[in-house]
Every structure is written in structure tokens, then in C-alpha cells.
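S.K.: Input: one structure, supplied below.
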Amino acid sequence: MSPRQVKTWGGVGVEGLRERWGRDSVYAYGEVGSTSAIARELADQGADDGTLVLARSQTAGRGRAGRGWFSPEGGLYLSVLFRPPRPDVPALVTILAGLGVAIELSRRVPGAAVAIKWPNDLVVDGRKLGGILAETHAGDDGKPRLVVGVGVNVASTGWPRSLAGRVVALEELAPVSLPEVADAVIAGLERWLPDVPDTLTPAQLEELDQRDWLKNRRIALDTGGEEPLVGQGAGIAPDGALLFRPDRGALRRVTSGSIEVLAEGQ
């Protein structure tokens, strides 16, 4: 059964959302599997650059590496379709999308000092606030389509007990509405996407350095080997790779793997 479109989202009518964000292609749903899956379907049907898909909740939200993303009602679940001007989409898409969203949320929500946990998490004081998932696919015309999905914890209800202490919601920091959070996320995504450079500019690197949650922290890096490597985050390279200084060995560039922040003394 196809997901049901709704006439209002976050207390605002869909026509009002279209006017608010200056685009005709805004689709709002109740419960969906994934907003990004819908955005991909719309892309295949010829949807415009900037098409926006929203949902009140998701049943099959996805994070990095196919992990599930818990998506109860009260959070922001949004995907934007971009039609990039170049056939190859740089690896920096996720980093710059996350940085743009972190900047805008921090600017617009009092008390929200949003940091980046490489490669795609948004965190506040080490607790997960949200995440970014960027995916590309080619259409029948061979041109790339880029879908960027964003999930942000806005309300703190409906979470399983297993997430207690590990996640944070914006409403814990300041009163904020879903449309206001969407304003920030859309502005953050469109700050640098889709015309993404191959390397970060000095200004982008400086912004990222200020918001890099892993820098100078003790971390364990799991790249799929027998045991995780333990060391220290050393920043993010101009091409978006994580810089990792292991306890034994030389500085490494990391382009894939999972990261755990360790407690003091570990």
C-alpha cells in the first residue's frame, strides 16, 4: 500500500510549506518506510531539483551502513533531491551537509552547540541529535541524482529505554517547532549542496575544526579487522577523511569504519 500524503505537517499546511521554502515540490506524509526511498521514486518520475519529502514517522529509516534509524513521531524526517551539475558526486557531500546543518541549528536554536561526529552524526555534548545519509543513483538518462536524508530528534518521546543517555532532543535545549527545525536543515543543506568541491576550503576546514567532536578525544576505530585500533582523533583532512593517531604507529587517514568514543583512562 502506498504511503498516505497529508495536508498538514508540523501544524502547517503543505501549501504554506511550499511558500515558506520557495518551491512547488513539497510532499508530506504520515507514516512511511523511508523519506529517501520516496525521494528516489520521485526522482525516477522526473521530480525537480530541490524536491522535498517529509514524514511524521518512519518504519524503515536508515543510518550509515544499513543500520536502522529509530524514527518515532515528533522527530524531523526529511529528504531533499538534488540533481548535481557534474556526473561524479564528491565524497564531501555528507561532511558538508552535516556541517551546514550543524551551523544553522546552532545559530537558530538557543543552547544547541551542534558538533559533527565523523562521518555523518550530529551531536550535542556527545549525545546523538541526528544524522545525515547521502545516496546517489543514476537515472535512465545516465545523470546522477543525489538524495540527502536528515533525521533530527526534536521531541524526546517514544524512544526505547536502550537509548537513554545516548541521544538528545532539541526540545531539551529550547522550545522549537518542527517547521523551524526544517527551516534550519534546509538552509544547512543548501548552503553548499549540490555544487560540492573536491576539497574543503580553508574557511570550511576552520568551521569543521571548531565542530569536530572527535578531535583530541580517545577513540576506538573498527575497520573490520580482528580488534579495533585505539588512539586519538586528529582532525579531518581536506578531502573529508578522518585523521587518526593510533597509540602505536603513524598518523592514518580513515575513509571508512565505525568510531566509539572512549571514557577517560581507556
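No lab work stands behind these numbers, since they all come straight from the coordinates. Every value quoted in this text rests on a predicted model; they were computed, and no experiment measured them. Positions of Cβ are generated from backbone atoms using ideal geometry, with glycine treated the same way; all protein chains shown enter the neighbour counts.
S.K.: Starting from the Cα of Thr136, move 7 Å in the Cα-to-Cβ direction to define the label point; list residues of segment 184-208 whose amide nitrogen is under 20 Å from there.
M.R.: 189-201
S.K.: Here is a further query. What angle do you read, to the nearest 10 degrees and between 0 and 90, between the alpha-carbon axis of helix 93-108 and the longest principal axis of the chain?
M.R.: It is inclined by approximately 80 degrees.
S.K.: Could you work out which residue, out of Arg218, Arg127, Arg252, moves most in a Gaussian network model of the chain, that is, has the largest mean-square fluctuation with Cα springs under 10 Å?
M.R.: Greatest mean-square fluctuation among the candidates belongs to Arg252.
S.K.: Over the alpha-carbon set of the chain, work out the extent along each principal axis and list the three values in angstrom, largest first.
M.R.: Sorted from largest, the Cα extents of the chain read 57, 43, 35 Å.
S.K.: In addition: Given the Cα-Cα distance of Ser162 and Ser258 and 0.36 nm per residue of separation, how much length would full extension add, in nm?
M.R.: Difference between extended and current length: 32.6 nm.
S.K.: Does anyone have the angle between helix 178-189 and the longest principal axis of the chain? Alpha-carbon axes, 0 to 90°, nearest 10?
M.R.: 60
S.K.: Considering only DSSP beta bridges whose two residues both sit in segment 8-210, what percent are antiparallel, to the nearest 5? Please list the in-between numbers first.
M.R.: Values: 30 of 38 bridges.
Bridges in segment 8-210 are about 80 percent antiparallel.
S.K.: For the pair Ala174 and Ala91, how long in nm is the line joining their label points, each one 7 Å along Cα→Cβ?
M.R.: 3.5
S.K.: Could you pull out which residues in segment 165-194 have an amide N less than 12 Å from a spot 7 Å beyond the Cα of Val6, following the Cα-Cβ vector?
M.R.: Under cut-off, by backbone N: 178-179.
S.K.: Given charges of +1 on the Cβ of Lys and Arg and -1 on the Cβ of Asp and Glu, with all other atoms neutral, how large is the dipole of segment 214-261 about its Cα centre, in debye to the nearest 20? Numbers along the way, then the final one.
M.R.: Working: 7 positive and 6 negative charges, 60 e Å.
Result for segment 214-261 is approximately 280 debye, rounded to the nearest 20.
S.K.: Can you compute the FRET efficiency between Asp198 and Asp44 using 1/(1 + (r/R0)^6), with r the Cβ-Cβ distance and R0 = 22 Å? Round to the nearest 0.05.
M.R.: FRET efficiency, Asp198 to Asp44: 0.20.
S.K.: Where in segment 132-213 are there trypsin sites (Lys or Arg not before Pro) that are in a DSSP coil and have at most 15 other Cβ atoms within 10 angstrom of their Cβ?
M.R.: Of the trypsin sites (Lys or Arg not before Pro), the ones in loops of segment 132-213 whose Cβ has at most 15 other Cβ atoms within 10 Å are Arg166, Arg191.
S.K.: Between the helical axis of 35-44 and the dominant principal axis of the chain, each derived from Cα atoms, what acute angle in degrees is found, rounded to the nearest 10?
M.R.: Here the helix axis deviates by roughly 60 degrees.
S.K.: Please list, by residue number, every one of the GluC sites (Glu not before Pro) in segment 170-266 that is coil in DSSP and has at most 13 other beta-carbon atoms within 10 Å.
M.R.: Details: sites: Glu171, Glu172, Glu180, Glu190, Glu206, Glu207, Glu226, Glu260, Glu264; in loops: Glu190, Glu226, Glu264.
In loop regions of segment 170-266 (DSSP not H, G, I, E or B), the sparsely surrounded GluC sites (Glu not before Pro) are Glu226, Glu264.
S.K.: Moving to a separate point now. What percent does the relative contact order of the chain come to when contacts are Cα pairs within less than 8 Å and at least six residues apart?
M.R.: 16
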